[in-house]
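Below you'll find the structure, written out as structure tokens, and then a few comments.
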Amino acid sequence: MIRTAQSKTLVSPQPRVSQSTLAAVVHVPMHIADASLTQETRETGVTPFAEPFLDWAKNISKQISKKPGFVCLKIDDEGYTNQELRCVYAAIARSLGSLNHRYGEFFDVKDRGLDHTKESVPVSKTRASTGFHTDSSAADYCPDVVGLLCLQQAHSGGESLLADGETLHDWIALYHPEALSVLTRPLYRDVITPGTNRDCSAIRKNAFPIFSRTENSFQFRYMRFWIETAYQKLGEPLPQGLRHAMNLIDSYLLDPNNTYCRMLTRGEILFLNNRRMCHSRTAFIDSPKQSQKRTLVRTWIDDLQEPIDSGALIKSSTKSSTTPNSPGNPDFDPALAS
Ligand SMILES: [Fe+2]
């Protein structure tokens, strides 16, 4: 659902079941799950020090850093508890890079019973669609990888959607080159990090382009809602051509031929390259049973390891929460978590 600050228009992308995406699911080998669940791994919060584990993780890392820019893993149902699924997820995530801990290493994304159309709350705390976005609206921080573990899918809806920002960039360059100018210049983004200065001076310092491309690098950082609220708060009109350019982006992202769609089920993990891929989720309806509320566990991974040195001991970047249980920071508002 794309919510614009100007119109409050809500547009729901229609999900498409992609055969290619279905085929891309990678089953987590038993030796990876076993290594993740050893007592030592649980207690120390490190990646299992085992070459087969690291070799497997290196291949996963390549898929994320290069093509296709994401990977969907499946922990086969062995009667694992939620805590065991969290442990396997944590060990794999730690093998890919350093877990960001500014909001806690793991955050449960659930409907909090709020309505973003009636009050100013993050869409992630509702059951509405998030709209396509990349995570983090802070100029000084962009996670390399977003991870999502599904513990419970919704009663209906809640599909995960992905799109490749580099392909989108090439499409705009080919068919709408006039739009690239405004999309490659610094644009204000709203400041939403809890506990930080969120006034106009902070917003003016929080500017960066939607597309950043050099000969050797590419970065896509799109979050239409927070761009529009930033200019609203500053009392400034959007830069000339920006609304048209973002409409082009949204029209591209609304075409199911340009997106990947998957309904994550229990035990499935999605890792995506947050510097290249944007993501969304469709609106969903939860079961009335409290124990069956849609629950995804989100993590942000920095310094993507690729390749991982064989034999390296990859430690968590945090000194806390070695056992991934529940949110590290109950005050955290993951404004753009899916
Ligand atoms: Fe997100």
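Over 21 Å from Pro143 (Cβ atoms), surrounded by 14 or more Cβ atoms within 10 Å (Cβ to Cβ), modelled with pLDDT of 90 or more and away from the ligand (no atom under 16 Å from the Cβ): is that true of Pro256 in this structure?
In short, yes.
It is to be established whether one or more residues within region 20-27 are at pLDDT 50 or above and of a type outside the set (A, V, I, L, M, F, W, C).
Within region 20-27, one or more residues are at pLDDT 50 or above and of a type outside the set (A, V, I, L, M, F, W, C).
Report the residue count in region 194-212 for those that are in a strand (DSSP E or B) and either among the aromatic types (Phe, Trp, Tyr) or out of contact with any Pro (no Cβ under 9 Å at 6 or more places or on another chain) (or both).
Residues that pass the stated criteria total 3.
Would you kindly identify the helices (runs of 4 or more DSSP H) lying entirely within region 77-193 that contain at least 1 residues that are within 24 Å of Thr41 (Cα to Cα)?
Output list reads 82-96.
Scan region 233-244 and give yes if some residue there is away from the ligand (no atom under 15 Å from the Cβ) and at pLDDT below 95, otherwise no.
Checking region 233-244: at least one residue is away from the ligand (no atom under 15 Å from the Cβ) and at pLDDT below 95.
Go through (1) modelled with pLDDT under 95; (2) away from the ligand (no atom under 16 Å from the Cβ) and name the single condition Ala335 misses.
Ala335 satisfies all of (1) modelled with pLDDT under 95; (2) away from the ligand (no atom under 16 Å from the Cβ) except (2).
Please tell me if Asp140 is more than 16 Å from the ligand (Cβ to nearest atom), within 22 Å of the chain's Cα centre (by Cα) and free of Cβ contacts under 8 Å to residues at least 24 places away in the same chain.
So Asp140 fits the description; yes.
Sort out which residues of region 203-237 are closer than 18 Å to Asp144 by Cβ and among the polar types (S, T, N, Q), and write them in order of number.
Ser212, Thr214, Asn216, Ser217, Gln219
Being at pLDDT 60 or above, part of a strand (DSSP E or B) and within 19 Å of the chain's Cα centre (by Cα) is the requirement here; does Leu296 meet it?
Against the criterion (at pLDDT 60 or above, part of a strand (DSSP E or B) and within 19 Å of the chain's Cα centre (by Cα)), Leu296 qualifies.
Scanning region 299-318 for residues that are at pLDDT 50 or above and surrounded by fewer than 21 Cβ atoms within 10 Å (Cβ to Cβ), which turns out farthest from the ligand (Cβ to nearest atom)?
Selected residue: Glu306.
Quick one: Leu272 ticks every box in (1) more than 16 Å from the ligand (Cβ to nearest atom); (2) modelled with pLDDT of 95 or more bar one, so which box is it?
Result: Leu272 fails condition (1) only.
Of the residues in region 132-160, how many are under 20 Å from Arg224 (Cα atoms) and in contact with a His (Cβ under 9 Å, 6 or more places away or on another chain)?
Going through region 132-160 one residue at a time, the tally reaches 6.
Name the residue that is surrounded by the fewest Cβ atoms within 10 Å (Cβ to Cβ), counting only residues in region 234-252 that are part of a loop (DSSP other than H, G, I, E, B) and touching a helix residue (DSSP H, G or I) at 6+ places or on another chain (Cβ under 6 Å).
Step by step, filter region 234-252, then rank; the result is Gly241.
Does region 86-103 include one or more residues that are at pLDDT below 90, within 24 Å of Phe284 (Cβ to Cβ) and in contact with a Gly (Cβ under 9 Å, 6 or more places away or on another chain)?
yes
List pairs: first in region 24-44 and closer than 17 Å to Ile64 by Cβ and among the aromatic types (Phe, Trp, Tyr), second modelled with pLDDT of 90 or more and surrounded by fewer than 18 Cβ atoms within 10 Å (Cβ to Cβ), Cβ under 9 Å, 6+ apart or cross-chain?
Filtered contacts from region 24-44: no entries.
The values are calculated or read from the model by the stated rules, or taken from the named source; none is laboratory data. This is a predicted model, so every value here is computed, not measured. Every residue, glycine among them, receives a Cβ derived from its backbone with ideal geometry; neighbour counts consider all protein chains shown.
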